[in-house]
Every structure is written in C-alpha cells, then in structure tokens.
Amino acid sequence: MRIIRYLGQYLQFMFEVLRKPDKGKMFRKQVFIEMDHIGLNSFGIVFIISIFMGAVLAIQTAAQTDNPLYPGYLIGFAVRESTILEFSPTIVSLILAGKVGSRIASEVGTMRVTEQIDALEIMGVNPANYLVGPKIIAASIVNPALIIVSIFLSLVGGWGSTYIADVVAPNEFLSGLQMWFVPYEIFYALIKTVVFAIIITSVSGFQGYIIKGGALDVGRASTKAVVNSSILIILFNLLLTNLLLV
Amino acid sequence: MIEARVVTKQFEGTDVIKDISAKFERGITNLIIGQSGSGKTVLMKCLVGLHEVDEGSVYFEDNNFTYMTRDQRKDLRKQMGMLFQGGALFDSLNVEQNVRFPLDLYWESPYKEKLERVNFCLEKVDLAGVNDKMPGELSGGMVKRVAIARAIALNPKFLFCDEPTSGLDPKTAKRIDKLIYDLTCEFNMTTIMNSHDMNSVLEIGYNIAFIYRGKLWWTGTKDEILESDNKELNDFIYTNEMIKRFKKKK
C-alpha cells in the first residue's frame with residue numbers, strides 16, 4: 001500500500017515537473033547552471049573510475065583467458081564490449097547516483113525545510129518544475145557526454161594496463177578493440193544513460209521535495225535517494241537490455 | 001482587505017484550525033497571535049494558499065481565492081509578498097539576486113531598471129550597498145530585512161509575515177516591527193503578521209486576532225488587549241513578567 005502511495009506521489013510530482021516553465025529564460029539559465037553542477041563537477045570522478053575500471057577489466061579478462069588457444073585480441077574485444085554495453089553506462093551511472101543524487105536530494109530537501117520552496121510558491125513559481133526540471137534536462141544532456149568520455153577513458157585504461165601488467169601485447173589489444181564493432185551498441189549505451197539520468201535526477205529531486213521535518217530528514221532523504229535510484233537503475237538496466245538487445 | 005470565512009483545516013483527521021472567520025484590514029498591521037501550536041502558521045498558510053482549506057473560503061478583496069484556477073492564483077500572487085520565519089532567502093543567490101528574483105519573474109524591463117528597484121527596496125530596509133553579500137554572510141536581522149526587501153520588490157498589496165521577530169534580540173525585533181509598520185502605512189498594504197512576541201503586539205497590533213486551540217478566541221486592538229477579561233488571552237499575555245508587573249501597578 002505504501003509503495004502505491006509513493007508511486008502516486010511520484011507521478012503527481014513528475015506531472016508538476018513536466019509542466020510548461022513559468023519563465024522560459026530563467027528555466028534555460030538554470031539548465032546551464034545544472035549542466036555545470038552535474039556534468040563538469042562529476043568529470044574528475046568519472047575520469048578516475050573509468051581509467052581504473054578499464055585497466056582492471058583488461059587484467060581480469062586476461063587472467064580468465066590464460067589459454068594459448070585464445071587469441072590475445074579477444075581481450076581487447078571483450079574489454080570494449082563490456083565497457084560499452086555495461087560498465088560505462090551502468091557502473092558510472094550508479095556512481096553518479098551516489099554523487100549527483102545525494103547532492104540533489106540534500107539541496108532540494110534543505111530548500112524545503114528552510115521554506116525556500118514555499119517562498120518560490122508564494123512568488124507564483126511552480127517549484128517542482130523550476131528546481132527539478134532543469135536538473136533532468138541537464139543530466140539528460142551531460143550524462144551521455146560523460147559516458148562517451150568514460151568509454152574512451154576505460155579503453156585507454158585497458159590499453160595502458162597491457163604495458164603495465166604485461167597481460168597481452170598492446171598491438172593485439174588494439175586490434176581487438178577495433179574488431180566486429182557494432183555502432184548500435186553505442187546507441188544502446190546512450191539510451192540507457194539518458195534513462196538512468198532521468199531516474200537519478202527525478203527520484204532524488206522527489207525525495208528532497210517531499211521532506212517533512214529538519215536536518216535529520218534531509219540526511220535520510222539523501223540516503224533514500226541514492227538507494228532508490230540505484231535499485232531503479234538496476235531494474236531498468238535489465239528491462240532496457242531485454243528490450244533493446246534481445 | 002483579506003477575509004477568512006469559516007476556515008477549517010485538518011491534518012490526519014484532527015482539526016488544527018476550526019471555523020475561523022476574521023477580517024484583515026488594509027493600511028494597518030493585522031496580527032495573529034497565540035501560543036506555539038495554536039494554529040497561527042496553519043491559518044497563515046491557508047490564507048496564502050500553501051495549505052488548501054478543508055472548509056470555508058479565503059477572500060482577497062471580494063475575490064474567492066479558494067476556488068481560483070491555477071492561473072488566477074498566479075496573477076494574485078504577483079500582488080503578494082511573504083516574509084518567512086527564517087527569511088527563506090535562496091542560498092545560492094546573493095542579496096541582489098534574491099531581491100531581483102521576483103522582478104526577473106514578472107518584469108520585462110532591462111537589468112538597469114530592475115537594479116534601481118532592488119536598490120530602492122534595499123534602501124527602504126536600510127541595507128544599501130550589501131548587494132554582493134551571500135545570505136550566509138548576513139546576521140539574523142539582516143536576513144529578515146533582505147527578506148522584507150524581496151517581499152516588497154513587486155510593490156505588493158498583501159504582505160504576510162510569519163513570526164518576523166523570532167530569534168532576534170529585542171532591539172532588532174523592534175526595528176523589524178517598525179519597518180513592517182512603516183512599509184504597511186507607506187504602501188497602503190494589507191499586512192498580516194504572525195507573532196507570539198508581546199512587544200510586537202503592543203507596538204504594532206492595530207488589529208489583533210488571538211487564536212486558542214485552533215479557534216478564534218478574541219479580536220481587538222493593542223489598546224484593548226491589556227483590558228480584556230478573556231481568561232485564555234490573559235493567560236497568554238501575562239506570562240510576560242514585565243506586562244504582569246505593569247498590570248499590577250495599574
């Protein structure tokens with residue numbers, strides 16, 4: 001029963017978020033501000049995670065295929081496929097759910113408990129639309145760009161590990177990266193990323209928006225935002241994979 | 001003028017305010033007083049539409065606010081200003097951007113004109129030159145004054161103040177009271193102020209509504225309040241030692 005009520009509240013909230021903005025110019029300005037907050041501020045963590053993720057992926061794949069019958073280029077191929085299909089879009093989105101999601105929930109939640117949302121409402125602004133709408137649009141634009149960068153960095157990391165760990169010849173790894181490439185897989189990764197971006201921003205914004213109470217509840221909402229968006233990302237990952245790849 | 005007609009609001013089946021009817025006049029400071037938890041803030045939130053009333057209606061100069069459409073309410077809200085208990089300034093914006101926010105929403109004028117209006121409002125609250133400060137850099141009294149500047153930016157007809165002097169020292173509180181009173185007279189606004197501060201009541205209480213356990217218990221003026229023989233009102237007023245001594249002396 002609680003889940004149904006929660007879902008109903010979320011849908012009502014999204015209905016408000018998706019209304020026409022009260023002032024287009026202010027809304028557009030907010031989108032650019034959020035693109036900076038969500039995208040550029042997350043670049044550092046995406047950079048580090050992607051490089052190491054690719055390197056570890058290459059070493060582990062090599063360790064699992066330690067058989068002379070397996071050609072070396074298969075390692076490069078496996079790293080590319082895993083990175084594009086799963087690791088970059090899903091794992092990086094899960095990381096962003098933690099970083100961006102908790103920030104959004106605590107920002108909106110603090111605005112709720114300090115009556116800033118009420119102040120917006122009194123001024124005749126639709127707070128859900130003004131506060132969360134730009135975040136959804138910004139993340140839907142910036143996250144796919146971050147994922148493309150992440151894919152590239154992960155492959156660079158994998159290639160770099162061939163020098164450091166000496167698991168496969170670098171040129172074999174590189175030729176594996178270029179083999180049997182299906183461009184649709186990039187499209188699939190980007191579609192997933194956009195859906196995950198909408199989940200992260202809307203669920204976190206919702207958690208902050210419905211807060212009642214004080215600072216303790218802001219912390220709780222922040223945790224809930226990360227947990228709920230992570231669970232939804234995993235569920236939608238399965239759903240989208242089944243819809244788009246099978 | 002603002003009028004509440006038999007307003008009732010429930011939370012989880014319990015009446016928080018019940019059958020409240022009151023008139024709040026233009027050009028004077030109207031005070032809603034009562035103990036913490038008596039329903040003052042709920043009544044104010046019902047008046048401004050932050051809570052939907054369960055029964056009754058709220059009228060803004062004969063227009064029934066309760067049954068207005070979304071767009072009608074938006075139009076009316078251009079004429080409202082509200083000062084919240086904690087100021088509710090937007091943390092990410094500086095003082096100038098905070099005061100300019102309602103102007104950016106509703107004015108199509110160039111930046112220079114908006115800036116002139118911002119500076120005018122800041123001068124009115126005696127805060128000229130603090131445009132670039134962030135809310136975190138301001139004292140409690142300054143936050144309240146910036147919030148008042150923001151509330152009057154659009155030259156509203158209706159001003160709502162939710163416990164504007166709570167958490168302030170008596171001198172700053174008196175300054176805020178005077179400011180609200182002066183602005184009300186100067187711009188001929190209908191001002192409604194929530195308070196449990198007896199200094200405010202005796203300073204600017206030209207029309208007072210006393211709420212007790214969610215009901216309107218007494219109405220009158222600052223001159224009548226000390227003479228009232230209403231037991232619950234007296235219990236509320238004479239918890240203040242100074243007023244108690246003043247009464248005894250009298």
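Taking the options A:Leu238, A:Leu232, name whichever one is out of contact with any strand residue (DSSP E or B) (no Cβ under 7 Å at 6 or more places or on another chain), over 19 Å from A:Tyr10 (Cα atoms) and not in a loop (DSSP other than H, G, I, E, B).
A:Leu238
Within the stretch B:34-67, how many residues turn out to be in contact with a helix residue (DSSP H, G or I) (Cβ under 9 Å, 6 or more places away or on another chain), closer than 19 Å to B:Pro156 by Cβ and in a loop (DSSP other than H, G, I, E, B)?
Of the residues in that region, 3 qualify.
Based on what the data block shows, is B:Ile204 out of contact with any Pro (no Cβ under 8 Å at 6 or more places or on another chain) and at pLDDT 90 or above?
Considered against the rule, which asks whether it is out of contact with any Pro (no Cβ under 8 Å at 6 or more places or on another chain) and at pLDDT 90 or above, B:Ile204 comes out as no.
Wholly within the stretch B:68-143, which helices (runs of 4 or more DSSP H) include no fewer than the required count, namely at least 1 residues that are more than 14 Å from chain A (Cβ to nearest Cβ)?
In the stretch B:68-143, the matching helices (runs of 4 or more DSSP H) lie at B:95-106, B:111-124.
Which is away from every other protein chain (no Cβ under 14 Å) and of a type outside the set (Asp, Glu), of A:Ala97, A:Ala119?
A:Ala97
Exactly one condition in (1) under 23 Å from B:Asp19 (Cβ atoms); (2) part of a strand (DSSP E or B); (3) of a type outside the set (S, T, N, Q) is false for B:Phe236; which is it?
Unmet condition: (2).
Any idea how many residues of the stretch B:5-33 are without any contact (Cβ under 8 Å) to a residue 12 or more places away in the chain and part of a loop (DSSP other than H, G, I, E, B)?
Residues flagged as without any contact (Cβ under 8 Å) to a residue 12 or more places away in the chain and part of a loop (DSSP other than H, G, I, E, B) within the stretch B:5-33 amount to 2.
Restricting attention to the stretch A:122-137, and to residues there that are β-branched (Val, Ile, Thr) and under 25 Å from B:Ile148 (Cβ atoms), which single residue is farthest from the other protein chains (Cβ to nearest Cβ)?
A:Val125
For the stretch B:13-40, how many residues are among the polar types (S, T, N, Q), within 20 Å of B:Met1 (Cα to Cα) and crowded, with 20+ Cβ neighbours inside 10 Å?
2
For the stretch A:47-98: of the residues being of a type in the set (D, E, K, R) and crowded, with 16+ Cβ neighbours inside 10 Å, which is nearest to A:Ser175 (Cα to Cα)?
Within the stretch A:47-98, the match that is nearest to A:Ser175 (Cα to Cα) is A:Arg80.
In this structure, does B:Ile28 turn out to be within 17 Å of B:Ile211 (Cα to Cα) and assigned by TED's automatic domain parsing to the domain that holds B:Leu202?
no
Of B:Thr172, B:Thr239, B:Thr190, B:Thr184, which residue is modelled with pLDDT under 85, closer than 29 Å to B:Leu122 by Cβ and outside the structural domain of B:Val146 (by TED's automatic domain parsing)?
The unique qualifying residue is B:Thr172.
Determine whether B:Thr221 is of a type in the set (S, T, N, Q), surrounded by 17 or more Cβ atoms within 10 Å (Cβ to Cβ) and more than 15 Å from the chain's Cα centre (by Cα).
no
Looking at A:Ser106, A:Ser102, which is the one that is at pLDDT 90 or above, under 27 Å from A:Lys192 (Cβ atoms), part of a helix (DSSP H, G or I) and within 14 Å of chain B (Cβ to nearest Cβ)?
A:Ser106
Output the residue which, of all residues in the stretch A:207-227 that are surrounded by 21 or more Cβ atoms within 10 Å (Cβ to Cβ) and under 14 Å from the mean Cα position of the chain (by Cα), is farthest from A:Gly98 (Cα to Cα).
Among those residues, the one meeting the criterion is A:Ala225.
Does B:Leu103 satisfy being crowded, with 16+ Cβ neighbours inside 10 Å, touching a helix residue (DSSP H, G or I) at 6+ places or on another chain (Cβ under 7 Å), more than 19 Å from B:Met142 (Cβ to Cβ) and not assigned by TED's automatic domain parsing to the domain that holds B:Gly141?
no
Would you check if there is a residue in the stretch A:78-96 being over 12 Å from the mean Cα position of the chain (by Cα) and more than 26 Å from A:Leu238 (Cβ to Cβ)?
no
Taking B:Ala149 and the conditions (1) free of Cβ contacts under 8 Å to residues at least 60 places away in the same chain; (2) surrounded by fewer than 22 Cβ atoms within 10 Å (Cβ to Cβ); (3) assigned to a helix (DSSP H, G or I), which numbered condition does it fall short on, given that it satisfies the others?
Every listed condition holds for B:Ala149 apart from (2).
The values are calculated or read from the model by the stated rules, or taken from the named source; none is laboratory data. Everything quoted here is computed from the prediction, not taken from an experiment. So basically every Cβ, Gly included, is an ideal-geometry build from the backbone, and we count neighbours across all protein chains shown.
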